[in-house]
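None of the figures in this text is laboratory data; all of them are computed from the coordinates on show. Nothing here was measured: the structure is a model prediction, and the numbers come from that model. Heads up, the Cβs are rebuilt from the backbone with ideal geometry, glycines too, and the neighbour counts pull from every protein chain shown.
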Amino acid sequence: MSREHELPDPPGRRLLLKGALAAGALTAMPATVAQAASTQAAGSRAASYVNPLVRNRADPHINRHTDGHYYFTATSPEYDRIILRRSRTLRGLSAADESVIWRKHETGVMGAHIWAPEIHRIDGKWYIYFASAPAEDIWAIRIWVLENSHPNPFRGTWVERGQLKTAWETFSLDATTFTHRGSRYLAWAQHEPGMDNNTAVWLSRMADPITLTGPQVRLTTPELDWEVIGYKVNEGPSVIKRNGRLFMTYSASATDFNYCMGLLTIDAGADLMNPANWSKSPTPVFTSNDTTKQYGPGHNSFTVAEDGRTDVLVYHARQYKDIVGDPLNDPNRHTRVQRLGWKPDGTPDFGVPVADTSTPITTDTRKES
């Protein structure tokens, strides 16, 4: 099921200013609270994943489409291109051929810091939302959009549709889109003029895949102790709907081992554009773990396993805690996946980032296809 379709009710079954990397969306087929236990049981029987799933790829986004394929894109450590992989299984993404579908401009806009792409199928076309900056002003990062009308995103032409304009010309990134109750929304991270932070998470309705409409509202700003370590950051939103609620994850603090995930929750029947309707978890829901040796987990997305029911958490993390120099220059944030559990009260159970199941390496030795 494509993550761009309306999120149904049951049944069935996403720094800065120089120092934190960015980076995002939906999923498929919800479950009732009564189904939570059986979903967990199904997850325990699901095929195990080899982690890291894809090495040296941060801010991962996996879209399970109606054509039966998983489409994968992520940030490359060189910050110079947008890549795409495809496989009929999640595990198959590890060895899938990787295509470069777009490269940064040598000069001018979209010339630096190509970050956090997400691929979505909307109204019969493919869209990629990503962040970039002019080659001559590399921290003037904004949100940009590519469009491809071909049914196969590896074919056709990716057309540059320009900047997705928000209320201010300020540092912005990590756009993700979803639909709910007949309306399409964009969630993203942006610096608000006059605010003493790097970025907050924002929400707006969309008039079409490249245009916001109506007001934009702030859902969360970095204010808690665990959100302001190194940098005051809320970024990388991603949405999953289950059990009569929408859950929005986001990432916080600097992109070293302090990077972690927070959670916002809202009733599915409430007005999403009223920030008061969203509740914020007081503690992080997914953090570094010394036992499993996973550090700085975050910038997640959601997908569903091959069984069509088991929810899967997609995220990046490093295999070590200590980093020499700016974390943004360290290439070893690897894509990981693991089953997302559900608690008896219908809220997500993230658990801890799982231990590696393959031999750690610290350089990208795979030959680019």
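Of note:
- Paramagnetic label zone (point 7 Å from Cα along Cα-to-C-beta, Arg205; backbone N under 16 Å) in the stretch 252-296: 269-275
- For the stretch 54-162, the fraction of alpha-carbon pairs in successive 10 Å shells from zero, as %: 15, 48, 30, 6, 0
- Ordered by the count of other Cβ atoms within 10 Å of each Cβ, fewest first, Glu306, Glu227, Glu136, Glu118 give Glu136, Glu306, Glu227, Glu118.
- When each of Thr303, Thr220, Thr357 is scored by the number of other beta-carbon atoms lying within 10 Å, the sequence from fewest to most is Thr357, Thr220, Thr303.
- Exposure proxy order (Cβ contacts within 10 Å, fewest to most) of Met195, Met248, Met206: Met195, Met206, Met248
- Charged neighbours of Gln190, selected by a Cβ distance under 11 Å, balance to -2 (K, R count +1; D, E count -1).
- Under Stokes-Einstein, with the Kirkwood radius over Cα pairs as Rh, the value for the stretch 33-349 at 25 °C and 0.890 mPa s is 124 µm²/s.
- Only one residue of Gly325, Thr157, Val109 has its Cα farthest out toward the positive end of the dipole of the stretch 33-349, where Lys and Arg carry +1 and Asp and Glu -1 on Cβ, and that residue is Thr157.
- Looking at the stretch 181-289, the DSSP beta bridges with both ends there are about 95 percent antiparallel.
- The simple Förster model, with R0 at 22 Å and r as the Cβ-Cβ distance, assigns Phe154 and Asp123 a FRET efficiency of 0.65.
- For the stretch 202-319, the Cβ-based charge dipole about the Cα centre amounts to some 100 debye (Lys, Arg positive; Asp, Glu negative; other atoms uncharged).
- Computed extension length for Asp97-Asp267: 57.2 nm, one decimal, from 0.36 nm per residue of separation with the Cα-Cα distance subtracted.
- Measuring spread by the Cα atoms of the stretch 123-243 yields a radius of gyration and Dmax of 15.4, 47 Å.
- Straight-distance candidates among the aspartates and glutamates for linking to Lys232, with alpha-carbon spacing under 17 Å and chain neighbours fewer than 8 residues away dropped: Asp174, Glu192, Asp196, Glu223, Asp256, Asp326.
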